[in-house]
Amino acid sequence: MAKALLGHVNHDARTPSVLAVENSRLRRRVADLESLVLRLQADNDRLAAAVRETRVAEDLQPA
């Protein structure tokens with residue numbers, strides 16, 4: 001029964017250096033994704049402003 005209980009517990013046998021490398025990689029990936037989100041938000045804001053300008057210009061056209 002002890003083996004069954006120990007098998008159930010998540011035991012990570014990886015060395016601390018492997019975990020440190022993986023942690024670094026994940027932090028880098030998070031930073032990359034955060035910069036991507038900021039870039040996409042800026043693109044979205046720019047496109048939304050262009051749409052608003054187009055609508056205002058169309059509204060000012062004589063009928």
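The values are calculated or read from the model by the stated rules, or taken from the named source; none is laboratory data. Please read these numbers as outputs of a predicted model, since none were measured by experiment. Here Cβ is always computed from backbone atoms with ideal geometry, including for glycine, and neighbour counts include all displayed protein chains.
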| said: Based on this model, can you work out whether SER17 counts as at pLDDT 95 or above and small (Gly, Ala, Ser)? | reply: no
| task | Please work out if ALA57 is without any contact (Cβ under 8 Å) to a residue 12 or more places away in the chain and surrounded by 10 or more Cβ atoms within 10 Å (Cβ to Cβ). | result | no
